[in-house]
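In what follows, a single structure is set out as structure tokens and then discussed.
The numbers here are math on the coordinates, done by the rules we state, and not lab data. A quick note: this is a predicted structure, and the numbers were derived from the prediction, not measured. Heads up, the Cβs are rebuilt from the backbone with ideal geometry, glycines too, and the neighbour counts pull from every protein chain shown.
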Amino acid sequence: MKELLSKQESKTLEFKREFNNSNKEKILQTIIAFANGSGGNLIFGIDDNKKIIGVANPFELEEKLSNITFDSISPTIRIDTVFTTEQDKTLVIIKVPMGIETLYYLKNKGMEKGTYIRVGSTTRLASKEIIKSLQFRGENISYDSQTDYRFSKDDIDFPRIKKIFKEKKDIQIKEDHLYMFNLLSKRDEKIYPTVAGMLLFPQKEYIEYDFAQIKCAHFKGNTKEIFIDKAEFRGSIIDQIESTIKFIKSNIKLSAVIGDVYREEKYEYPLPALREAIVNAVTHRN
């Protein structure tokens, strides 16, 4: 409890002084947001200044919250309640697990107007795009694995796939492998690429995938007022990563140390760490 009290409100933590009819809906929204995210703790008996006020009737609060959660939210969220004592006052911790059956929403508002997510320490109404991604998560479907019926298998650069797998993994790729790797999909005897196939190995840049791009900028000083250099990369995300590495290398300092025999060049930041950061950002669509 002391560890929780030492923290600020966040994506997984919120403090409430009390529960009443005026804040009932906001509390339900927070519970939904926690379940749609990584779970979280809602602690009652603490005011906005983190002063411990305590809960006068903890068992009554537990019963009310269990009932309104069951009656107001779909699908059902099974919350856990923990009582603890701090400074001789009772606090009630509502532990909300990360939801498996996403998405969660207020029954009386419906899915589109009743789905909430956590952004930092605030609870926000979810956009249509986030609602769709939460539905995919609940159904254990990834965006990348979806079939893109707008294209054919000829829009995938198969020779390049063979070349990359041979160079990187020493694997001889056949078309059958592309189904196993979820790059192609067969529907009604027709063959289509998946989103993953179009992101990784497109024949060319397609306007339909213009959203998948990396934007790079080098600013002068600590503000974003003056550009020193900038670039945008589209097409295969494999190429985008390589182009981004080149952009960064051209915009960071390179020093050279003369040794006894050889000259050693060294960038101001370690390139393996930069590559890892870029690959992670692309993988997590950040």
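Which whole-number percent gives the relative contact order of the chain, counting Cα pairs below 8 Å spaced six or more residues apart?
Dividing the mean separation by the residue count of the chain yields 12 percent.
Take the chain, connect every pair of alpha-carbon atoms lying under 10 Å apart with a spring to form a Gaussian network, then pick out the residue of Lys168, Lys64, Lys204 with the largest mean-square fluctuation.
Residue with maximal mean-square fluctuation among Lys168, Lys64, Lys204: Lys168.
What value, in deg cm²/dmol to 500, does the helix sum -39500 (n - 2.57) over DSSP H runs of n ≥ 4 give at 222 nm once divided by the residues of the chain?
Helix-only estimate at 222 nm: -10500 deg cm²/dmol.
Could you tell me which residue out of Asn222, Val282, Pro270 lies farthest along the dipole of region 214-283 toward its positive end? Charges go on the beta carbon: Lys and Arg +1, Asp and Glu -1, centred on the Cα centre.
The Cα lying farthest towards the positive end belongs to Asn222.
Could the peptides 169-178, 11-20 be put in order, highest first, of the mean number of other beta-carbon atoms found within 10 Å of their residues?
11-20, 169-178
Taking the Cβ of Ile191 as the center, what net charge do the other residues with Cβ under 13 Å away carry, scoring Lys and Arg +1 and Asp and Glu -1?
That works out to -3.
State, as an integer percentage, the relative contact order of region 214-283 based on alpha-carbon contacts under 8 Å between residues 6 or more apart.
After rounding, I find 22 percent.
DSSP beta bridges in the chain, what fraction antiparallel, as a percent rounded to 5?
90
Consider the candidate values (1) 52, 41, 37; (2) 73, 64, 37; (3) 62, 43, 42; state which one is Cα extents along the principal axes in Å computed from the structure displayed.
(2)
List the pairs from Lys11/Lys253; Lys24/Lys51; Lys64/Lys113 whose alpha-carbon separation is above 30 Å, in the order I gave them.
Over 30 Å Cα-Cα: Lys11/Lys253.
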